[in-house]
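K.L.:
Below is a structure I'd like to ask you about.
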Amino acid sequence: MVVYSEKETGVETKHLLMLPAIGLVILALSVIAAYSQGDIPFVKDSAFENPRRPPVAFYHDEHNEKAGLLECNGCHHVYENGKKLESSASVGMECSQCHLASENNSAIDLIRVYHLQCRGCHLKKNAGPILCGQCHQKNDN
Amino acid sequence: MHAIYEIVSGPMVWLAAIIFILGSLYRLIFMGRLAAKKDPMVFSYLSVYYSLRSIFHWIIPFASVNMRKHPIMTVVAFAFHICLFAVPIFLCAHIILINEAWQVKWWYLPNPIADVMTLIVIGACIFFLGRRLLLREVRYLTTFSDFLILAGVAAPFVTGFWSYHQYPGHETAAILHIISGEIILVMIPFTRLSHMLFFPFLRGYAGSEFGAVRNAVDW
């Protein structure tokens, strides 16, 4: 093993110790940036406790920008007396909060509304994934 | 991809279902008419009791002498037929799609079990293929259409397994999976797969004949 003295490398030990600290700051900043952007990498409804399929990659803001979805309530909707309210949105609520609300709703019915909303629009717009394996991708690291 | 998916998962499903139902009705009615013409007494001595007894006897593994003579074939055939019907009807993914279309749902198999049962169907198809190729007495009776039917039965299971496990090309496999399921549905009434339709009547016929003869009051 070769040991360099401070003089040979021109770097003081004191400064070397600064490197991990700077790294930590950069890491923390990027994490905060990611969170403030609100970009969630997966749809992860807490109602699915034991998922049967790989998680669905969904970069929220990037997806909606690419797909040109400006209205939040296109997905985060609110209904009253069976009619969709154009002026309200249910941002911040999970789909399962309403779609599993009644007794005879099961996980299958929650899956149903996710699929109808996601796949339904993809079919209508002729863009975006439509097959099980295209959304529930394996080893999508 | 979107256009193909919509055709294959929409109008083609209806077309396949209608051909299957009308084709099956046609075959059953035609066969009934033929039986009535060739043997006018056939319906009068068909007995519900002996029919059910014979059907029951033949759906219990090893209940019949013939099955006891061929133990391996019996085990494979029973495992094959159970999985063949249980997997498509009780597969979670199928029920999800049916619920999306009609809002009906029923009990489903856990995915790992459906996976093993799919492999049983594929394995049994390979066994049947080997039997047709290697056993002289079976090869003698085999025609080309037997191989086609075997391939037709295996295809939805191979493509389903392929797309579930997302092996390379799984998108194509998923489309082929839907198409091959529709093809097999259309094949049932018009090929030897129609034994699915005729089995109850065949057993009913044989059962009534034997039951009635053996228990007939001998004047």
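K.L.:
Taking each residue in A:74-81, count the Cβ atoms of any other chain within 10 Å of its Cβ, then average. What number comes out?
P.N.:
Details: counts 0, 0, 0, 0, 0, 0, 0, 0.
Partner Cβ neighbours, averaged per residue: 0.
K.L.:
Output needed for the stretch B:114-154: three equivalent-ellipsoid semi-axes, defined as square roots of 5 times the C-alpha gyration tensor eigenvalues, in descending order, whole Å.
P.N.:
Working: eigenvalues 95, 26, 4 Å².
Each semi-axis is the square root of five times an eigenvalue, giving 22, 11, 5 Å.
K.L.:
Between 0 and 90 degrees, rounded to the nearest ten: what's the tilt of helix B:71-90 against the longest Cα principal axis of chain B?
P.N.:
Relative to chain B, helix B:71-90 is tipped by roughly 50 degrees.
K.L.:
Under the definition of Cα pairs under 8 Å and six or more residues apart, what whole-number percent is the relative contact order of the stretch B:61-195?
P.N.:
Details: 100 pairs, mean separation 21.1, N = 135.
Result for the stretch B:61-195 is 16 percent.
K.L.:
Multiplying the sequence separation of B:TYR167 and B:PHE30 by 0.36 nm and subtracting their Cα-Cα distance, what value in nm do you get? Walk me through the numbers before you get to the answer.
P.N.:
Numbers: separation 137, 0.36 × 137 = 49.32 nm, distance 4.46 nm.
Extra length available between B:TYR167 and B:PHE30 comes to 44.9 nm.
K.L.:
If you don't mind, another one. Would you mind checking which residues have amide H under 5 Å from A:GLN137's amide H? H placed 1.01 Å from N; only 5 or more apart, or other chain.
P.N.:
A:ALA57
K.L.:
If you don't mind, there's one more thing I want to ask. Hey, how many Å between the Cα centroid of the stretch A:52-118 and the Cα centroid of the stretch B:18-62?
P.N.:
Result: 51 Å between the Cα centres.
K.L.:
May I ask you to derive the FRET efficiency for B:LEU119 and A:ASN73 from their Cβ-Cβ distance with R0 = 56 Å, giving the value to the nearest 0.05?
P.N.:
On the way: r = 46 Å, r/R0 = 0.82.
With R0 = 56 Å, the Cβ-Cβ based efficiency is 0.75.
K.L.:
For peptide A:91-104, what's the mean number of Cβ atoms from other chains within 10 Å of each residue's Cβ? Could you put the intermediate results ahead of the total?
P.N.:
Details: counts 0, 0, 0, 0, 0, 0, 0, 0, 0, 0, 0, 0, 0, 0.
Other-chain Cβ atoms within 10 Å of each residue's Cβ, averaged: 0.
K.L.:
May I pose another question? Other chains' Cβ within 10 Å of A:112-119 residues: what's the mean?
P.N.:
For this peptide, the per-residue mean of nearby foreign Cβ atoms is 2.
K.L.:
Quick check: the angle from helix B:170-190's long axis to the longest principal axis of chain B, C-alpha only, nearest 10 degrees?
P.N.:
Result, in degrees: 20.
K.L.:
Then there is this: For helix B:92-102, what angle does its Cα long axis make with the longest principal axis of chain B, in degrees from 0 to 90 and rounded to 10?
P.N.:
That helix lies at roughly 90 degrees to the long axis.
K.L.:
With all pairs of different alpha carbon atoms counted, what Kirkwood hydrodynamic radius in Å does the stretch B:1-63 show?
P.N.:
On the way: mean 1/r = 0.0649 Å⁻¹.
Computed over the stretch B:1-63, the radius equals 15.4 Å.
K.L.:
How large is the helix-only mean residue ellipticity at 222 nm for the protein assembly as shown, computed as the sum of -39500 (n - 2.57) over DSSP H runs with n ≥ 4, divided by its residue count, in deg cm²/dmol to the nearest 500? Working shown, then result.
P.N.:
Numbers: 18 runs with 242 residues, N = 360.
Mean residue ellipticity, 222 nm, calculated: -21500 deg cm²/dmol.
K.L.:
Over the Cα atoms of chain B, compute the convex hull volume and normalise it per residue, giving Å³.
P.N.:
Values: hull volume 37.6 nm³, N = 219.
Enclosed volume per residue, from the Cα hull, is 172 Å³.
K.L.:
Something else about it: Could I get the Rg over Rh figure for the stretch A:40-91? Both from C-alpha atoms, Rh via Kirkwood, rounded to two places.
P.N.:
On the way: Rg = 13.7 Å, Rh = 13.0 Å.
When Rh is taken as the Kirkwood radius, the ratio is 1.06.
K.L.:
Right, next: Using r as the Cβ-Cβ distance of A:GLU80 and A:LEU116, and R0 as 22 Å, what FRET efficiency do you calculate, to the nearest 0.05?
P.N.:
That gives a FRET efficiency of 0.65.
K.L.:
Sticking with this structure for a sec: Based on the alpha carbon coordinates of the protein assembly as shown, what radius of gyration and maximum Cα-Cα distance (Dmax) apply, in Å?
P.N.:
For the protein assembly as shown, the Cα radius of gyration and maximum Cα-Cα distance read 30.1, 123 Å.
No value in this document is a laboratory result; all are computed from the given coordinates. Note that the structure is predicted; figures quoted are calculated from it, not measured. All Cβ positions, glycine included, derive from the backbone under ideal geometry; neighbour counts span all protein chains shown.
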